[in-house]
Amino acid sequence: MALSDRSGIDRSLTAYGDPGFSRFIRRAFLASAGFDEDDLARPIIGIADTSSDYTTCHRQMPEVVAAVKRGVLEAGGAPLAFPTSSLPEILLSPTSMLYRNMLAMETEELIRAQPMDAVVLVGGCDKTVPAQLMAAVSADLPAISIVTGPMTAGHWRGERIGACTDCRRLWAEHRAGNLDDTEIDGIRDELCPTAGTCMVMGTASTMACLTEAMGLSLPGAASAPAPTGARLRLAAETGRCAVRLAEQQSRPSGVLSRASFLNALTVLVALGGSTNAVIHLLAIARRRGIPLDLADVGDIAGRTPLLVDCRPAGTGYLEDFDRAGGVPSLLVALGDLLDHDALTVTGETIGERITTADRPAGWQSSIRSLEEPLGPAGGLAVLRGSLAPDGALIKAAAASPELLVHRGPALVFDSLGEAEERLADPHLEATPAHVLVLRNAGPVAAGMPEAGSLPLPVGLARAGVRDMLRVSDARMSGTAYGTVVLHCAPEAAVGGPLGLVHDGDLIELDAAAGRLELHVDAAELSRRRAEWSPPPLPPRGWRRLYAQHVQQANLGCDLDFLGPEG
Ligand code: FES
């Protein structure tokens, strides 16, 4: 019998060349931790814990893990929590995206290498949830996700504020000279007032909602605020559910289908969710060999309106969405735009979850109907053209409508450092019609930081300009807004046309038509290409491995050896 074919505590035996000894010594060490034969005869439920002092949004995760353990015990299982890396969005340099695949690999290997019959994935901050899902679908052991839950909103001078759409908006006002140092300090202390993840529809909230829409968490699990008892009750029920999954050997491969991912894309657009989620969904689908590409994103975005009133595309916060019934209410509102036959970890179909969804009174104040949406279809647009042959994205729902069709001269920055320096120069020659181009910020060059929503030239910001067209091979925070073209593929560092743009070249965007063009003739582009050379690889370690193997944004930025074929 292969080591990994055993179950319970005898699964994944340490290779001493004597399985009997491996079982014996394993029990000896577990006895030292208080486990007896009765404990070890139960289904073993691993709990992947991403607590870290650095990940402040996970600070009440120990309570969530304790509640999961209680649920596991109540259902007759034996819980064993294990720490993994954590990815604090705000405290990682240069970007947490550089480490998503590292966490995915680590989690997958620990699920495989340690004895467990099912795993509960406890995540929250932006990259933790997609990394855990990538790991779970590759390991293909019974798995269920629970997130730490969103913060509740803060207040400043009578206004509700919260991380981090307001962080960016109010910092821009400070930068433009409209808020003084004392005011911005007062705001700072109200932006993150409780435990939990960012309480707007940023990447963390978006991925939590998409996980629920794909059926990999319990109904309502995405939005219950972190400080509430509801969050802990969901955690305990998640623990109980994990034991049932272990007993039934219900694996992600039996739950996830192409329909699951198309449903997730539909929910993403209706949420006005983070553009980062597109990269993550592509990566998760590719781990299972499920066909999904940017054409699917474009098709679904073209027929799905914005329904959820949550920042940055709307005005509310996650607590409002939760009070309106969260994802279950949204699934009801989306109705026939969803595939009702898609499965979930509880054994129900999405259609059955829709039928049993409990919609609170007044739910449509936060979740609109298809008949009266908050915004039209096309809130997310896939772009192609001479500047992005393999595709790019724009979150049209968070852009300035008058810039969605725009033609203007390029103002090019070769690196984020150069952009930071020149955009802070009040003498930079720029007009509101310029197109700010940032390159060498893609996955290979820089790990793809959330630098796409470049600050405006400070002189223009002080003159009252609040938006300009920006184009890059970087990403953008899900909490950000503005007319920002992202994920240009191929990126400049692998020879994409973005690397050939010169100051003054005309760039044209037509978001509704899905076009992004660089108006430079072919002969001139050939001449520039002959002079181009790639940047050097990082000298060592994870960054070198990453740069050598990471795929482009249109493929999900996974490492090329981690797909099903690898
Ligand atoms: Fe962790 Fe925003 S910083 S969710």
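The values are calculated or read from the model by the stated rules, or taken from the named source; none is laboratory data. Since the structure is predicted, the reported quantities are computational estimates derived from the model, not experimental observations. Cβ placement follows ideal geometry from the backbone for every residue including glycine, while neighbour counts extend to all protein chains displayed. Surface areas here come from the heavy atoms of the whole protein model, side chains and all, with no ligands, DNA or RNA. Shrake-Rupley method; radii C 1.70, N 1.55, O 1.52, S 1.80 Å.
Sort by residue number and report every cysteine in the chain with no other cysteine beta carbon within a distance under 4.7 Å.
By the Cβ distance rule, which asks for a partner under 4.7 Å, the isolated cysteines are 57, 125, 192, 198, 209, 241, 310, 488, 557.
Taking Cα pairs under 8 Å and at least six residues apart, what relative contact order does the chain come out at, in percent?
Over the chain, the number comes to 13 percent.
Could you pull the accessible area for residue 280 with a 1.4 Å probe, rounded to 10 Å²?
0
Counting only protein heavy atoms and a 1.4 Å probe, tell me what percentage of region 32-174's accessible area is made up of carbon and sulfur.
Carbon and sulfur together cover 55 percent of it.
At 222 nm, what helix-only mean residue ellipticity would the chain give, in deg cm²/dmol to the nearest 500, using -39500 (n - 2.57) for each DSSP H run of four or more?
Computed mean residue ellipticity for the chain: -11000 deg cm²/dmol.
So what are the ³J(HN,Hα) numbers for region 175-188, from phi and the Karplus equation (6.51, -1.76, 1.60; θ = phi - 60°), rounded to whole Hz, Gly and Pro as x?
4, 7, x, 8, 10, 8, 4, 5, 5, 5, 5, x, 5, 3
On the Cα set of the chain, report Rg and Dmax in Å, please.
Reported Rg and Dmax, both Å: 23.8, 76.
Using the Karplus equation 6.51 cos²θ - 1.76 cosθ + 1.60 (θ = phi - 60°), what ³J(HN,Hα) coupling, rounded to whole Hz, does each residue of region 448-455 give in order, writing x for Gly and Pro?
6, x, 7, 10, x, 8, 3, x
Sequence gap at least 6, Cα distance under 8 Å: using those rules, report the relative contact order of region 1-152 to the nearest whole percent.
Relative contact order, region 1-152: 26 percent.
What is the set of long-range amide H partners of residue 435 at a cut-off below 5 Å, with H atoms built 1.01 Å from backbone N?
The answer is 410, 411.
If exposed chymotrypsin sites (Phe, Trp or Tyr not before Pro) are those in a DSSP loop with at most 14 other Cβ within 10 Å, what is the longest stretch of the chain that has none?
The segment 55-531 is the longest one with no such site.
If you bin every alpha carbon distance in region 476-545 into 10 Å steps from zero, what whole percent lands in each bin?
Taking all Cα pairs of region 476-545, the binned fractions are 15, 38, 31, 16, 0 percent.
With every protein chain left in place, what is the accessible area of residue 47 in Å² (1.4 Å probe, nearest 10)?
0
Sort 140, 521 by heavy-atom solvent-accessible area, probe 1.4 angstrom, most to least.
Final ranking, largest accessible area leading: 521, 140.
Tell me, what is the per residue accessible area of region 183-236 in Å², probe radius 1.4 Å?
For region 183-236, the per-residue accessible area is 24 Å².
I'd like the accessible area for residue 164: 1.4 Å probe, protein heavy atoms, all chains in place, Å² to the nearest 10.
Near enough 30 Å² of accessible area.
Each residue of region 553-562 in turn: what ³J(HN,Hα) in whole Hz from Karplus with 6.51, -1.76, 1.60 and θ = phi - 60°, glycine and Pro shown as x?
Along region 553-562, the couplings run 4, 5, 10, x, 6, 7, 6, 5, 9, 10 Hz.
Picking from 424, 411, 374, whose Cα lies most toward the positive end of the charge dipole for region 359-478 (charges on Cβ: Lys, Arg +1; Asp, Glu -1)?
374
If you fit an axis through the alpha-carbon atoms of helix 522-531 and take the longest principal axis of the Cα set of the chain, what angle between them do you get, 0 to 90°, nearest 10?
With both axes taken from Cα atoms, the answer is about 60 degrees.
Which is the longest run of the chain containing none of the GluC sites (Glu not before Pro) found in DSSP loop states (not H, G, I, E, B) with at most 16 other C-beta atoms within 10 Å?
For GluC sites (Glu not before Pro) (loop position, at most 16 other Cβ atoms within 10 Å), the longest site-free span of the chain is 1-347.
Taking H as built 1.01 Å from N, whose amide H comes closer than 5 Å to the amide H of residue 161, not counting residues under 5 places away?
For residue 161, whose amide H was placed from the backbone, the distant partners under 5 Å are 154, 155, 156.
Expressed as a whole number of Å, what is the distance separating the alpha-carbon centroids of region 143-221 and region 26-79?
Centre-to-centre (Cα) distance: 29 Å.
Measure nothing but the geometry: give the 0 to 90° angle between the long axis through the Cα atoms of 97-113 and the longest principal axis through the Cα atoms of the chain, rounded to 10°.
10
How many percent of DSSP beta bridges within the chain run antiparallel, rounded to 5?
Of all bridge pairs located within the chain, approximately 45 percent are antiparallel.
Along its three principal axes, how long is region 68-154 when you only count alpha carbons? Whole Å, largest extent first please.
Computed over region 68-154, the largest-to-smallest principal extents equal 42, 34, 18 Å.
For region 366-462, with every protein chain kept in place, what is the accessible area per residue (1.4 Å probe, Å²)?
39
In the chain, with Lys and Arg counted as +1 and Asp and Glu as -1 at Cβ, which of these residues, 511, 361, 105, has the Cα nearest the positive end of the dipole, that is, farthest along it?
105
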